[in-house]
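Beneath this line is the structure, given in structure tokens, with notes to follow.
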Amino acid sequence: MNSTRTAILDSAFSALADPTRRAILARLARGESTVMELAAPFAMSQPAISKHLKVLERAGLITRGREAQRRPCRLRADPLREVVGWVETYRRFWDESLDRLGEHLDRMKSEEAKHGKRK
């Protein structure tokens with residue numbers, strides 16, 4: 001894995017480790033929102049939400065714009081593509097491992113059935 005991809009994954013996983021930040025991303029997946037709108041469902045201060053937004057912004061997961069007095073935040077999902085690709089590798093590994101286990105169990109059942117019929 002190259003260093004750029006590693007840095008993207010490290011930043012994304014670090015940002016995604018916090019449930020507040022995951023909730024913010026889930027909200028932004030429905031459309032842009034202001035800091036105040038994002039802060040509303042949380043029992044924390046606006047500066048605390050702003051810190052979470054900075055982490056998400058540094059990870060490249062959101063962008064913040066400026067429209068007159070309004071500063072909308074938007075989801076930027078490109079880094080999540082790297083996360084999905086990384087996770088997909090392990091999903092395939094587990095799918096293949098579970099398929100092999102299923103095949104092994106089927107062979108064991110078949111052998112057991114053969115031996116049971118002989119007795």
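Which one, D106, D18, D78, has the greatest fluctuation when you compute a Gaussian network model over the chain with C-alpha springs under 10 angstrom? Of D106, D18, D78, the most mobile in the Gaussian network model is D106.
Normalised by 2.2 N^0.38 Å, with N the number of residues, the alpha-carbon radius of gyration of the chain equals 1.71. Based on DSSP H segments of at least four residues, each scored -39500 (n - 2.57), the chain has a per-residue ellipticity at 222 nm of -23500 deg cm²/dmol. Measuring how big the stretch 51-119 is from its alpha-carbon positions, Rg and Dmax come out at 25.4, 85 Å. Each part gets one Cα centre, and for the stretch 35-71 versus the stretch 12-33 those centres are 10 Å apart.
Rule-based calculations on the coordinates, nothing more; no lab input. None of these values were measured; they are calculated from a predicted model.
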